[in-house]
Amino acid sequence: MTPTLPRNGPKTWLVTGATRGIGAAIAQAALEAGDRVVATGRRRQALVEAFGADSDVLLSLALDVTDPGQIAAAVEAAVARFGRIDVLVNNAGYGHLGLFEEMRPEDARVQFDTNVFGLFDMTRAVLPIMRAQRSGHVFNISSIGGLVGGESGSIYCASKFAVEGFTESVAAEVRPFGIRMTIVEPGFFRTDFLDASSVRYGDTPIADYAEASAAIRAFYTARNQNQAGDPAKLGKALVTLANADNPPVRWSAGTDAIAVVEGRAASLRVELDAWRDLSASTDGDFPFREEPTFGTAWS
């Protein structure tokens, strides 16, 4: 269905993974701001319990982002109900944590199917709508684990690194059509992300890693429901960003996230300077034309 032409008034949001946690908080913040929301999740009944019955500002849909058929149906239903999609929030995902050798190859594939390929497919389905409108905003929920890797985060962080590279690249491609894309990098937020109902761990133990593996699980168990971040405040912040004239491509959420970004920036500078001469030595002795810095040629 063809979207309606741009108009003033409430925005229409499509939020994936809206049954709980950050996704639910974002959907609620958009509703409280007077916008319209298409709330999606694997279990529609959970959405009804969270937000109530469908109305002139709310549409709840069952959606598994690893199912292309459900993605197409959800996008079609959203446009049929509200005429357009102004904001897409790619939030659906989960964390598979643990030491790399203690995880199975299929663990990585399933992690990427949801966190990466599901996000790709949702974005691919919605971008034509936004291009036709010549407006739109895509929020891709990443993590501080999308900027900095660490013990226990190999496949989870890899999935979020992929989301960040994807978003930076596509943001440059769609900007001429009035579409903005923002990477959201939350720190630790008080959701059920670390609950047994959500987080997954490697389940092929190796004796050499026994002590480290136990320490990692103890760390996350202690953090569960003891995080500093407030999902409701994050949801309101995204409403602010959705209404900004020049929103950022990358935005960090929480003081812990700010500290991680600052530390990453500093460590990159230190490492670059320490090995600058060796890096520069790899240029050839033959004439060459200075090229623009990668990522700026199409900006």
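Quick note: the coordinates plus some simple rules give every number you see, no bench work behind them. Values in this document were obtained by computation on a predicted structure and should not be read as measured data. Counting neighbours? That spans all protein chains shown, and the Cβs are built from the backbone with ideal geometry, glycine included.
Below is a table of values for the structure above.
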| item | result |
| --- | --- |
| Size-normalised alpha-carbon gyration radius of the stretch 17-78, reference 2.2 N^0.38 Å | 1.03 |
| Relative packing of peptides 99-105, 149-155 - highest average C-beta neighbours within 10 Å first | 149-155, 99-105 |
| Assigned charges on the beta-carbon of Lys, Arg, Asp, Glu; the chain dipole about Cα centre (debye) | 1240 debye |
| For the chain: relative contact order, % (alpha-carbon pairs under 8 angstrom, 6 or more apart) | 19 percent |
| Burial ranking of peptide ranges 273-280, 68-75 (average Cβ count within 10 Å, highest at the top) | 68-75, 273-280 |
| Leading residue at positive end of dipole, the chain (Cβ point charges), from Cys157, Asn115, Gly145 | Asn115 |
| Nearest-20 debye value, the stretch 11-137 charge dipole, Cβ charges on Lys, Arg, Asp, Glu | 440 debye |
| Kirkwood Rh, angstrom, the chain [1 / mean 1/r, Cα pairs] | 20.5 Å |
| Relative packing of peptides 132-145, 76-89 - highest average C-beta neighbours within 10 Å first | 132-145, 76-89 |
